[in-house]
Amino acid sequence: MLKARFEFKLEDLWVGVFWRTVRLLPEGAGMLNAVPLDHTVLPLQTDWWICLVPCFPLHITWERES
């Protein structure tokens, strides 16, 4: 699933591109049971922020199976 939206953030006073990729844990997973023991494939989420106008980054989110 791909989502995109413009955000208004005063703390984003920069110009450029930033991204990060994280594993999505099942809902309700805490620190003690963060990794499933049944070898379930956890989806990945990649977020990109593209900021060409300071304080108005374009935030793109891509969720996919790993």
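A compact table of results
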| quantity | calculated |
| --- | --- |
| Residue in the range 39-47 that is modelled with pLDDT of 95 or more and assigned to a loop (DSSP other than H, G, I, E, B) present | no |
| Residue satisfying condition, being modelled with pLDDT of 95 or more, assigned to a strand (DSSP E or B) and in contact with a Pro (Cβ under 9 Å, 6 or more places away or on another chain), within set ILE50, ILE60 | ILE50 |
| Where a residue in the range 1-15 is closer than 15 Å to TRP48 by Cα and its partner, wherever it lies, is outside any strand (DSSP E or B) and among the aliphatic types (A, V, I, L, M), with Cβ under 9 Å and at least six apart | VAL15/LEU52; VAL15/VAL53 |
| Subset tally (residues that are surrounded by 10 or more Cβ atoms within 10 Å (Cβ to Cβ), hydrophobic (A, V, I, L, M, F, W, C) and either on the phi > 0 side of the Ramachandran plot or modelled with pLDDT under 95 (or both)) for the range 1-13 | 0 |
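The values are calculated or read from the model by the stated rules, or taken from the named source; none is laboratory data. Please read these numbers as outputs of a predicted model, since none were measured by experiment. Every residue, glycine among them, receives a Cβ derived from its backbone with ideal geometry; neighbour counts consider all protein chains shown.
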